[in-house]
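Undergrad: Structure provided below as structure tokens; questions to follow.
The values are calculated or read from the model by the stated rules, or taken from the named source; none is laboratory data. These numbers were taken from a predicted model, which means no experiment stands behind them. Heads up, the Cβs are rebuilt from the backbone with ideal geometry, glycines too, and the neighbour counts pull from every protein chain shown. SASA here: full protein model, heavy atoms, side chains in, ligands and nucleic acids out. Shrake-Rupley method; radii C 1.70, N 1.55, O 1.52, S 1.80 Å.
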Amino acid sequence: QHRIAPYLMRRNKRDVAPELPTKTEVVKMVPVHGAQRELYEHIRVSAHTKVRTVIRKKGLAASTVDILAALTRLRQVCCDPSLVMDTTDRPDLRSAKLDTLDELLKDLLSQGRRVLIFSQFTSMLARIGARLEERGRPYLALTGASRDRQSLVDAFERGAADIFLLSLKAAGTGLNLVSADT
């Protein structure tokens with residue numbers, strides 16, 4: 001990052017296109033209940049015990065990787081339990097976030113919105129993509145595995161799909177998607 005920082009130009013929307021409206025952020029709390037909550041608590045307690053043991057053995061400074069791994073696992077189970085375990089034989093183990101996203105997309109698409117969905121977890125984007133396919137909703141996806149980033153961006157801008165799934169790493173820098181409004 002230090003090597004390339006002098007070559008990257010970061011511009012704010014207000015400097016480039018002041019006529020555009022300001023960004024509106026709406027925070028939507030998604031409560032986790034039932035089996036998903038129980039799984040979260042089980043993983044949290046287990047991770048807490050493991051992290052404490054590692055800290056006692058290695059010290060806090062040397063335990064960073066273990067702490068981050070535990071936090072990542074908790075974030076994944078909040079997104080979708082299938083990211084941390086096989087849920088094919090557990091119909092009670094639903095994803096509150098995916099269910100909420102289904103509702104939001106139904107409303108947004110009925111209003112003619114064009115939607116960007118970002119995630120750090122490409123496996124979560126794959127799960128979202130599978131749900132969209134089940135519902136017959138066309139989408140585009142940009143991840144690190146995508147071969148031609150610009151052709152995907154161009155396809156979205158042309159209106160090939162109203163939903164664009166983006167990994168934070170692949171879409172994090174230098175991406176302009178002016179046709180998206182949500």
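Undergrad: For the chain, take the longest principal axis of its alpha carbons; what is the angle in degrees between that and the long axis of helix 64-79, to the nearest 10 within 0 to 90?
TA: Approximately 60 degrees, to the nearest ten.
Undergrad: If you don't mind, another one. Taking the alpha-carbon centroid of each part, what is the distance from the stretch 155-182 to the stretch 75-115 in angstrom?
TA: Answer, in whole Å: 20.
Undergrad: Treat every Asp and Glu Cβ in the stretch 48-182 as -1 and every Lys and Arg Cβ as +1, leave all other atoms uncharged, and give the resulting dipole magnitude about the Cα centre to the nearest 20 debye. Please report the intermediate quantities before stating the final value.
TA: Working: 21 positive and 16 negative charges, 163 e Å.
The dipole of the stretch 48-182 has a size of about 780 debye.
Undergrad: Leaving out ligands and nucleic acids, and using a 1.4 Å probe, what accessible area per residue does the chain come to in Å²? Present the calculation step by step, with values, prior to reporting the outcome.
TA: On the way: 12800 Å² over 182 residues.
Here the per-residue accessible area is 70 Å².
Undergrad: In what order, largest first, do 169, 28, 57 sit by accessible area if the probe radius is 1.4 Å? Each step should come with its number before you reach the end.
TA: Values: 169 195, 28 115, 57 170 Å².
Reading off the accessible areas and sorting them downward yields 169, 57, 28.
Undergrad: Return a whole-number percent for the relative contact order of the chain, with Cα pairs under 8 Å and 6 or more residues apart as the contact set.
TA: Working: 160 pairs, mean separation 32.8, N = 182.
About 18 percent, as a whole number.
Undergrad: How would the stretch 1-89 be classified by its alpha-carbon gyration tensor: rounded, prolate or oblate, with rounded meaning a/c under 1.5 and the a/b versus b/c comparison settling the rest? Intermediate values should be presented prior to the final figure.
TA: Values: a/c = 3.14, a/b = 1.49, b/c = 2.11.
Because a/c hits 1.5 or more and a/b fails to exceed b/c, the stretch 1-89 counts as oblate.
Undergrad: Within the stretch 46-182, what whole-number % of the accessible surface is contributed by carbon and sulfur, with the 1.4 Å probe and all protein chains included in the calculation? Intermediate results must be reported in sequence, preceding the final value.
TA: Working: 4320 of 8160 Å².
Roughly 53 percent of what the probe reaches on the stretch 46-182 is carbon or sulfur.
Undergrad: Let me ask something else. Work from the charge dipole of the chain (Cβ charges, +1 for Lys and Arg, -1 for Asp and Glu, about the Cα centre) and give the residue of 108, 26, 159 farthest towards its positive end.
TA: Of the candidates, 26 comes out farthest on the positive side.
Undergrad: What's the longest piece of the chain with no exposed GluC sites (Glu not before Pro), counting a site as exposed if DSSP puts it in a loop and it has at most 10 other beta carbons within 10 Å?
TA: Numbers: sites that count: 19, 25.
Here the longest run is 26-182.
Undergrad: If you don't mind, there's one more thing I want to ask. Taking only pairs that are 8 or more places apart or on different chains, how many Lys pairs in the chain have Cα atoms under 26 angstrom apart?
TA: So the count works out to 12.
Undergrad: If you wrap a convex hull around the alpha carbons of the chain, what volume per residue comes out, as a whole number of Å³? Could you put the intermediate results ahead of the total?
TA: Numbers: hull volume 31.7 nm³, N = 182.
Hull volume over Cα atoms, normalised by residue count, gives 174 Å³.
Undergrad: Please quote Rg/Rh for the stretch 117-169 to two decimal places, taking the Kirkwood radius as Rh and restricting both calculations to Cα atoms.
TA: Rounded to two decimals, Rg/Rh equals 0.94.
Undergrad: I would also like to ask the following. Let me check against my output: what whole-number percent is the relative contact order of the stretch 42-132, with C-alpha pairs under 8 Å and at least 6 apart? Could the numbers behind the result be given before it?
TA: Numbers: 44 pairs, mean separation 17.2, N = 91.
This gives 19 percent for the stretch 42-132.
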